[in-house]
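The values are calculated or read from the model by the stated rules, or taken from the named source; none is laboratory data. Computed from a predicted model, the values in this text were never measured in an experiment. Note that we place each Cβ from the backbone using ideal geometry, even for glycine, and neighbour counts take in every protein chain shown. These area figures cover heavy atoms from the full protein model, side chains too; ligands, DNA and RNA do not enter into them. Shrake-Rupley method; radii C 1.70, N 1.55, O 1.52, S 1.80 Å.
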Amino acid sequence: NIFAFQVDASTGMLSSRVAVDVGDNPGVIRFAPSGGFAYVIVDGINVATLTVDTDTGLLSPASSETFGTPPTAIAVDPSGKFVFVTTADNNVSSFTVGATGELQFVNSRAAGTSTSEIAVAPSGEFLYVANVDSVSTHAIDAAGVLGVGNLLDEGRNLMRSFVVDPSGRFAYAIT
C-alpha cells in the first residue's frame, strides 16, 4: 500500500492517513513537477502511473508499464515531460509522458554495472545513473532520447544515493 497523509501547512503535522492499493510490494515513488502524476515501482516488474488529485492528495491508478527486467529506480525530468527508469539488467530507459500520464517508450541505453540510483540535472539536459562503482552521464535531447553514457569510474563500492544540487553545478554520491 501507499499511504496518503494530509499535511497541516502551519504545524507540519500529518493526519487523515488513506491507503491506496497499487499492487504488491510498491517501491520507489516519484512525482511529476506539476503534482498531477506519480510513478511507482510495483511488483518488481511494473512502473505504475497514478493520477494525483491535487486538492485531496488521493492517488488513483491510471496505467502501468511492464518491464522484462525489474525496475530499480525512477526519475522525472524537471519539465515533467520525461520519465527515466533503470533496470536490474543495467540499462536506463527513457519515456515520454502522455496527456493522462501514461509512459511511452523512447529509447534505452547501457548504464553501467548494478544500477542503484538515478538523477536528472536541474536543466533537464543530463541524466546521471549511479552504479556499484561508477556514474554514467547521458545527454537528454529535446525528444527525450538518451545519448550513449560516459562512465566515470570512481572505484568505490556500492553507490547507494546520488543527487545533483539545485544549481546543477555539483553532484553528490553516498557510498
Residue ID - most open to solvent (accessible area, probe 1.4 Å), chosen from residues in the range 48-74 that are over 17 Å from the mean Cα position of the chain (by Cα) and among the hydroxyl-bearing types (Ser, Thr, Tyr):
54
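In the range 127-134, is there at least one residue being acidic (Asp, Glu) and surrounded by 14 or more Cβ atoms within 10 Å (Cβ to Cβ)? Spell out the reasoning first.
Taking the range 127-134 first, the residues acidic (Asp, Glu) are 133.
Filter once more, keeping what is surrounded by 14 or more Cβ atoms within 10 Å (Cβ to Cβ): 133.
Looking for residues that are acidic (Asp, Glu) and surrounded by 14 or more Cβ atoms within 10 Å (Cβ to Cβ), one finds at least one in the range 127-134, hence yes.
Answer yes or no: is there a residue in the range 142-164 that is surrounded by 13 or more Cβ atoms within 10 Å (Cβ to Cβ), among the small types (Gly, Ala, Ser) and part of a strand (DSSP E or B).
Pass one, the range 142-164, residues surrounded by 13 or more Cβ atoms within 10 Å (Cβ to Cβ): 144-147, 149, 151-152, 154, 156, 159, 162-164.
From the residues that got through so far, the ones that are among the small types (Gly, Ala, Ser) too are 144, 147, 149.
With the extra rule that they be part of a strand (DSSP E or B), the set shrinks to none.
No - not one qualifying residue is present in the range 142-164.
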Report, by residue number, each residue of the range 6-21 that is of a type in the set (Val, Ile, Thr) and open to solvent by 80 Å² or more (accessible area, probe 1.4 Å).
7, 11
Return the only residue of 134, 123 being touching a residue at least 12 places away in the same chain (Cβ under 8 Å), among the hydroxyl-bearing types (Ser, Thr, Tyr) and closer than 18 Å to residue 90 by Cβ.
134
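Within the group 113, 175, which residue is closer than 27 Å to residue 43 by Cβ, modelled with pLDDT under 90 and among the hydroxyl-bearing types (Ser, Thr, Tyr)?
Values: 175 fails: closer than 27 Å to residue 43 by Cβ.
Within the list 113, 175, the selection yields 113.
Restricting attention to the range 49-101, report how many residues are of a type in the set (D, E, K, R) and under 21 Å from residue 25 (Cβ atoms). Steps first, answer last, please.
Residues of the range 49-101 that are of a type in the set (D, E, K, R), as a first pass: 53, 55, 65, 77, 81, 89.
Next, only the ones that are under 21 Å from residue 25 (Cβ atoms) stay: 65, 89.
So the answer is 2.
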If the requirement is being under 30 Å from residue 153 (Cα atoms) and touching a Lys or Arg at 6+ places or on another chain (Cβ under 9 Å), which of these qualifies: 74, 118?
74
Please name all residue pairs, on different chains or six or more residues apart, with Cβ atoms under 6 Å, provided the first residue is in the range 14-27 and is in contact (Cβ under 8 Å) with a residue 24 or more places away in the chain and the second residue is assigned to a loop (DSSP other than H, G, I, E, B).
23/43
The number of residues in the range 81-92 that are open to solvent by 10 Å² or more (accessible area, probe 1.4 Å) and at pLDDT 95 or above is 2
Out of (1) surrounded by 18 or more Cβ atoms within 10 Å (Cβ to Cβ); (2) in contact (Cβ under 8 Å) with a residue 40 or more places away in the chain; (3) under 26 Å from residue 14 (Cβ atoms), what's the single condition that is false for residue 77?
(3)
